[in-house]
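The values are calculated or read from the model by the stated rules, or taken from the named source; none is laboratory data. As the structure is a prediction and not an experimental result, all values here were calculated from the model. With ideal geometry, Cβ positions are generated from the backbone for all residues, glycine too; neighbour counts draw on all protein chains shown.
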């Protein structure tokens, strides 16, 4: 990757110089300025070293590096000088020796592997520690010289790994070689050691620097504008990296307060985040899937991490939150994060108590799949950085270095094969190697091909799977042809959903080229395999017999052997099954609405499938008679009977013409739309469709009929009511003994004296009472209802 | 006003036009006392439903014709609500449990229990001893052959347990998909399709009633293309009338669009055997499926149309393949795979045949 930034012919170990180049260099300077000895390019470095008693030793080491180190090509090739291209494109030469020695000097100071923490310590503390260390070294001079010579044979960047460890660790390594996982042991400790692409590293670092304004209260220096970028470089950036927005918002935070680092496992994303955060002077707080990530826990973790008050205490660095594996977090938790991302509201100071908590520390989110639905909101607020996979050569070179350090024999082709096999996953490479190391201390081609340890279990996308199935792999030196069909089932299994794969195969295979001559062989065979896959699938689903799942991936393998070619495949990703399903759902809807609108006497005769296949196609014709006029009054007798028949049929099926306004034109559509149900594309309609006027006439007549029929039912019920009423009146009220009325407590209520009422009124009252009591209870089944017959009744009238 | 089919549908057992002997048996069955469970089967459009309704009318009187549609809601064990449309009178209830697909078992169990555990008030109120014998409700289950196995097993016990209060009339096209346990519990009544001459007779009768002048050639033609489906024949007659009246003897009989579509598809298959064509055919098959044409019907029709145009020497092989693929289709769940599989196979066989024929001529 870095080839593109500098000169194409350069390889490896160039990243050292980049430290001088841009933000990384700046950061070192900034933090280093209080104490001498750490600034990267000043002569102070040498001075410090010469003051220390072991200075001679160090210099010896340096010289020996240059004399004895044939295996690292760039160093020998460029002798003592490196060309460096600065930001404005000028080439300048930098002596190697100075950088080398600086490293040696800076790294040899024991500081828990964090050279930057040096700055926070008083000078005397550092000095005393250094003294103690030197004392210790003097006590074991021989072994030290041995190992340091060994270390010196390595390129820069690794020599420090052991030295930076406190307290005699290196000695114990001789006795207990396997006490630590290699993945931990050789984890990059500084910006320079990172294996991931340098431009990407720098970008993340630059973003972290943007936080300086907010966190450290420092001005952010804008990088000088780059005047001329080569085309190649530009393209590279467009491909991998988004534009970094250099602006700050009101609360002096970067506009994009979160960076989202995405990429497949084992690329060093987590390491990248840790190293960079430490590099920029933060204390790393990690939150990963092993922590509780319920929204409450997440909130408290976020708050404690990002809003700690004692930010710049003597010992404390500001926190930088690294949220690992964020794609597994529940979406509510992500919402909590998003809330904190929102910029501060405009009204400040007014309500200090309930000031919304705002993120004031950088947050780095890490995920494998940035396109998950849970991360959608986050993506909009974050800079998405997709980590490209590491180049195989670069990875294998790093592996070579490590193996040399572990004194393990290796074969560079085998390492390359291993890197390929693991999909350039550093972690799995290292653990595989350590495993081999513990077994026999050597790694060869056969070991790599025999071992299964390197195989990764990752989620594949459907596109990848299809591409794998339909394209022949290019011959590589390591993977032979025989491996091919055996890894297709693996590929499909890693995707998991066989049904979707089969559907996609079904959609894709037929449109592949070169099948014309295969009509009698491959094509029927392919579809037979699909039939088989379908049977297996439905047996699994119906009997829940998941042991049959094992056979799910072989269809794909067979397709691979039949249809794979070197020709690039155009993958058809239209899911015809879903399309068809949607359409048939629509049809089902039409049919069911038709069935529910038919009259009961009709429904008695036809069931769903009958009506669809045998009745509707004809009904559709029957309701479209050819009429000479489109006015009911002007129809002749013959037409009128036709018209009546058609409207009769329509009302029996509950069909209506409904006016639609489509694209500025009015048209009538059948409702429920049986036209869509019975008509097929490309078939000439056997009935001339009704004109707009005729449809209008139909719809009016049907509306009229509807109104009339509802009126009929109303009048009939009203009539029935009248009849019952008159009946009630006719039946003479029997004279009943006057009831004794009691109140709530059972006391007899004395009737108001009626004497003051006139006798005529009295009789009226009596009659009324008698009438009301004479009503018998009756029940009438009410078919449908209409507001037209609603009538207020008193309970008295009912009882 | 309604369709001719409904207008001239016989309402009584006496008025049935064909299978008169069977009608008289049915009458005897109704009047002779206890009615057993019935399993009425026969091809579509043969008059199963007409016979059942006539029998019910004979049994309960014209009250069975007062129908209402109801939506009933059932809850499955997993608290899923299923809705089903029932059609009922005071004496009977008709339901098509296969409408709800895989949940049909629940419908059968709940619905039958509901009905069977309540006595028919309308009938028990009658004092007459003879009438009291009819103190049961009738449940008509249609499309029993589409019922799931579970549902059919659920039927077995209910049929015996609630014999007192309800009778079942099962309707289906073919008994092969009804489990033997149910078949043995029912009196099977086969309603064969009317013969061509019977159909012509009925068509003439309707034409006379409607005072239409129906040429005999056209009547024959309609009877031919209806393939024994009386309903289809009568609907065809009416559609023809709307299309063109007065009739002419050589008038085209109107066919449903889906039949024409399948016929065209078969022609396409014969015309060209390339992957591109296969892809086109796939689109057409999808079109048919999305129009809710049952895949089995597509299979049958397609095979018929293809056989019309294939040479006798490969017919046997084609039919065998079709049977194989159709069988597999029932085992699987994606009809399109199997339909296309069959088409691909046909194309392959046809190609081979053509090559052989060409070699013979050379």
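Observations
- For residue B:17: the one exception among (1) within 14 Å of chain A (Cβ to nearest Cβ); (2) modelled with pLDDT of 85 or more: (1)
- With respect to (1) in contact (Cβ under 8 Å) with a residue 40 or more places away in the chain; (2) crowded, with 16+ Cβ neighbours inside 10 Å; (3) under 30 Å from the mean Cα position of the chain (by Cα), the lone exception for residue A:580 is condition (1).
- Evaluation of residue B:329 against the conditions (1) more than 7 Å from chain A (Cβ to nearest Cβ); (2) crowded, with 19+ Cβ neighbours inside 10 Å; (3) under 26 Å from residue A:682 (Cα atoms) shows that the sole unmet condition is (3).
- A single member of A:585, A:513 is more than 8 Å from chain B (Cβ to nearest Cβ) and either at positive phi or at pLDDT below 85 (or both), and it is A:513.
- Criterion violated by residue A:609 - all others in (1) within 30 Å of residue A:471 (Cα to Cα); (2) at pLDDT below 80; (3) within 10 Å of chain B (Cβ to nearest Cβ) satisfied: (1)
- Residues that are part of a helix (DSSP H, G or I) and more than 60 Å from the chain's Cα centre (by Cα), drawn from the range A:614-642: A:632, A:633, A:634, A:637, A:638, A:639, A:640, A:641, A:642
- Test: residue in the range B:159-166 that is in contact with a strand residue (DSSP E or B) (Cβ under 8 Å, 6 or more places away or on another chain), assigned to a strand (DSSP E or B) and assigned by TED's automatic domain parsing to the domain that holds residue B:37: yes
- Count of the range A:612-644 residues which are at the interface with chain B (Cβ under 8 Å from one of its Cβ atoms) and farther than 23 Å from residue A:684 by Cα: 2
- When B:239, B:249 are screened for being at negative phi, in a loop (DSSP other than H, G, I, E, B) and at pLDDT below 90, only B:249 passes.
- Among residues of the range B:88-116 being over 18 Å from the mean Cα position of the chain (by Cα) and assigned to a strand (DSSP E or B), the one that is farthest from residue B:171 (Cα to Cα) is B:88.
- A single member of B:282, B:305 is touching a residue at least 40 places away in the same chain (Cβ under 8 Å), part of a helix (DSSP H, G or I), surrounded by fewer than 22 Cβ atoms within 10 Å (Cβ to Cβ) and more than 9 Å from chain A (Cβ to nearest Cβ), and it is B:305.
- Among the residues listed as A:663, A:614, A:676, the single one being surrounded by fewer than 16 Cβ atoms within 10 Å (Cβ to Cβ) and closer than 20 Å to residue B:239 by Cα: A:676
- When the range A:279-288 is limited to residues that are touching a helix residue (DSSP H, G or I) at 6+ places or on another chain (Cβ under 7 Å) and farther than 19 Å from residue A:326 by Cα, the one that is surrounded by the fewest Cβ atoms within 10 Å (Cβ to Cβ) turns out to be A:281.
- Among the residues making up the range B:45-71, a single one is farther than 17 Å from residue B:16 by Cα, more than 9 Å from chain A (Cβ to nearest Cβ) and touching a helix residue (DSSP H, G or I) at 6+ places or on another chain (Cβ under 7 Å): B:64.
- The set of residues in the range B:245-279 being surrounded by fewer than 21 Cβ atoms within 10 Å (Cβ to Cβ), more than 9 Å from chain A (Cβ to nearest Cβ) and within 24 Å of residue A:675 (Cβ to Cβ) consists of B:251, B:253, B:263.
- Qualifying residue in the range A:531-547 (condition: in contact with a helix residue (DSSP H, G or I) (Cβ under 7 Å, 6 or more places away or on another chain), at pLDDT 90 or above, within 7 Å of chain B (Cβ to nearest Cβ) and within 18 Å of residue B:348 (Cβ to Cβ)): yes
- Test: residue B:348 is at the interface with chain A (Cβ under 10 Å from one of its Cβ atoms), assigned to a helix (DSSP H, G or I) and farther than 28 Å from residue A:611 by Cβ: yes
- Residue A:174 surrounded by fewer than 17 Cβ atoms within 10 Å (Cβ to Cβ) and at pLDDT below 50: yes
- For the range B:285-296, a tally of residues being within 9 Å of another protein chain (Cβ to nearest Cβ) and part of a helix (DSSP H, G or I) returns 5.
- Checklist (1) in a helix (DSSP H, G or I); (2) at pLDDT below 80; (3) closer than 27 Å to residue A:202 by Cα applied to residue A:429, failing item: (2)
- Among residues of the range A:516-528, those that are more than 7 Å from chain B (Cβ to nearest Cβ), surrounded by fewer than 20 Cβ atoms within 10 Å (Cβ to Cβ) and assigned to a helix (DSSP H, G or I), counted: 3
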